[in-house]
Every structure is written in C-alpha cells, then in structure tokens.
Amino acid sequence: MNKILKKETFSPVTFLWEVEAPDIAKAALPGHFVIVRHKEKGERVPLTIADFDKEKGTITLVIQALGKTTKEMMELKEGDFLINLAGPLGIPSHIEKVGTVIFVGGGLGVAPVFPQLRAFKEKGNYTISIIGFRNKDLIFWEEKFRNFCDELIVTTDDGSYGRKGLVSEPLLEILKGRKVDLVIAIGPAIMMKVCSEVTKPFGVKTIVSLNTIMVDGTGMCGSCRVTVGGQTKFACVDGPDFDGHLIDWNELMRRQRRFEREEKEVLKKYEEDCKLKEKGLKN
Ligand code: FES
C-alpha cells in the first residue's frame, strides 16, 4: 500500500499525486514508469514518473481523468492509500551531453518531459522547452520548467496564454534558425508524429515516449505492439522511448482507437452509476 501524501488539481480533469514510495524513488530514472492499482480488482494503469525525490522517498504522477478508472482515481484524497504500485519499469531515457536539446511537451505529456529536461540540463546541455496546452486554464509546471530551461516557450491552442498555435510551429522556426542536436517530444500521438515529421528533413534525432499505448505494462497483453524501423517492438519492455522517425505512426494511431467503443460504454455506465449514487438510489 502506498500513501498519497499530496494531491494538486490542475484542471477539472488533470491532477497530481505525490506518493510515498521510497524504494521506487531510490531506483527511479528519467523515462521510467510505474503501474498503479488504486483498489482491489482495479484496472492496472501505467503512468510515467513525472518527478521523484530520492531523499523524501516520493514519486510524482500527473493523471488525466478521462475514463472510468482515472475518474475513480481522481476521487482519492491526500492520506488515502493505493492498493499497489509496481516499478520503476521500462528502459530509462539515455541522458548525455549532446549540445542543444529541445523538449516538446503537449498537454499531459508535459509532465513526463520534466525529468528528462532536468537530467539533460544537469549534464550541461543548452535546453529549450516548448510546452503546449489547449488553453490557459490547463497550464501547469511553467515555473518548474523555467528553472531548468535556457529558453521556454508556452503555447495555447486558443491563444489565451503565451503564443497561439501548436508546439510544432516554434519547433520548426528554431530548427530553421540554428543547430539543434536532439529533440524529445512527449504528448498525444498526433503531436509526436507531427514533431517527428518536422524534425526529419533537418536530420535531428527525435525521441518520443509511447507510454500512452500501454495497457498492462508487463509485456504480456501485446497491446503496446508498435512497428519501429520495420521491426515489432513492445512499448512497455522495449521502450517507452523510441526514435520518432522510425515509428509507423499510422498503424499506431489505428491501434490506439481499437478499444474506443468499450471505453465509452464503461464510462457511460460509470457516469450513470454516479448519478444514481448522488440521488441515493445506489450504494
Ligand atoms: Fe501489455 Fe506492453 S502494455 S504488452
């Protein structure tokens, strides 16, 4: 059992937990993920470690409550316990001094970018971050990023804060103007695909994280199968980091949609149950 020490809500659907997990924090490296189960018989949810504090013995997770399980998770409060937490899992990100590195984070993908940004900065790289959100209300960790960035650009889709538009636009401008040695992009699949397409003509290595396609996170279910450079890989055991220029993005996005109908049905049932509970018609 792992205690939730801190909960912070960023938006009606986005929240952060700081969780007591000394062994995981001790072993955690940028790029690692954990599997969370919030209750007995609860679904296993793979989440990238967004931050860790080895001295405090804590890890930080940022979660978006879009489905039944994550909505249930959002109801937990500080002081509540998770039934179990497994990790750290996955192959950690390769951190080295390369020169200039651009970190692109989209929406919730901003969180898993952070440990990589910090580690690359600590290695002595020049760091530029581009973090994008749908609107001003969804922005989080701007100051946390600023502490480790030589340059920081914030974008919003609707222009309510920072620069209006998509993260790929400033990325292209920077690439046109100077030498960049590495790009790390984490966010929705379409964002990572577009960023990879933008960087390819410049020959800039682009690493993406495929955490969001995982289901059980153990290499058993096959759900995270992805084609990389013509070879079959599994995001949870061979990744989650991969070369964005080698991924078959169309196949990946097709596969991501395969549970859409079931997920919608489960969520609808959960929301109906919540309404009955509110009216005292269900326990
Ligand atoms: Fe099930 Fe990777 S998530 S095999």
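The values are calculated or read from the model by the stated rules, or taken from the named source; none is laboratory data. No experiment lies behind these values; they were computed from the predicted model shown. Using ideal geometry, Cβ is built from the backbone for each residue, glycine included, and neighbour counts are taken over all protein chains shown. Accessible surface areas use protein heavy atoms only, side chains included; no ligands, DNA or RNA. Shrake-Rupley method; radii C 1.70, N 1.55, O 1.52, S 1.80 Å.
Okay, here's what the table says:
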read-out: q = 0.12, 0.22 Å⁻¹, segment 47-103: log10 I(q)/I(0) [Debye, one scatterer per Cα]; value: -0.45, -1.12
read-out: Helix 110-122 vs. the chain, principal-axis angle (Cα, 0 to 90°, nearest 10); value: 50 degrees
read-out: Whole-number D in µm² s⁻¹ for segment 1-40, Kirkwood Cα-pair radius fed into Stokes-Einstein, 37 °C, 0.692 mPa s; value: 277 µm²/s
read-out: Heavy-atom SASA rank of 10, 202, 33 (probe 1.4 Å, accessible area, largest first); value: 202, 10, 33
read-out: Candidates 230, 31, 109, ranked by Gaussian network fluctuation over the chain, Cα under 10 Å, top entry; value: 230
read-out: Packing-based order for 138-146, 18-26, using average beta carbon neighbours within 10 Å, highest first; value: 18-26, 138-146
read-out: Straight-distance crosslink candidates among aspartates and glutamates, where the alpha carbon sits under 19 Å from residue 279 and sequence neighbours closer than 8 are dropped; value: 72, 75, 271
read-out: Relative contact order of the chain, defined on C-alpha pairs under 8 angstrom at six or more residues apart (%); value: 15 percent
read-out: When each of 68/136; 71/136; 97/179; 6/56; 123/205 is checked by Cα-Cα distance, pairs over 24 Å; value: 68/136
read-out: Between 0 and 90°, nearest 10: helix 260-278 axis offset from the chain longest Cα axis; value: 50 degrees
read-out: Segment 90-164 and segment 1-65: distance between their alpha carbon centers, rounded to Å; value: 19 Å
read-out: 55, 75, 169, reordered so the largest accessible area comes first (probe 1.4 Å); value: 55, 75, 169
read-out: Cα-based Rg of the chain normalised by 2.2 N^0.38 Å, two decimals; value: 1.00
read-out: Peptides 112-119, 90-97 ordered by average Cβ neighbours within 10 Å, highest first; value: 112-119, 90-97
read-out: Virtual spin-label span in nm between residue 158 and residue 218, 7 Å along Cα→Cβ; value: 4.2 nm
read-out: Among 105, 244, 79: highest mean-square fluctuation, GNM of the chain, C-alpha pairs under 10 Å; value: 79
read-out: Rg/Rg_globular for segment 157-196, with Rg_globular taken as 2.2 N^0.38 Å and Rg from C-alpha atoms; value: 1.25
read-out: Solvent-accessible surface (1.4 angstrom probe) belonging to residue 238, in square angstrom, nearest 10; value: 60 Å²
read-out: Debye equation applied to the C-alpha atoms of segment 1-140, log10 I(q)/I(0) at 0.10, 0.14, 0.20, 0.21 Å⁻¹; value: -0.34, -0.66, -1.24, -1.33
read-out: Contour excess over end-to-end distance, with Cα ends at residue 39 and residue 55 and 0.36 nm allotted per residue; value: 3.0 nm
read-out: Degrees, to the nearest 10: 189-199 long Cα axis against longest axis of the chain; value: 10 degrees
read-out: Accessible area of segment 1-153 belonging to carbon and sulfur atoms, whole % at 1.4 Å probe; value: 50 percent
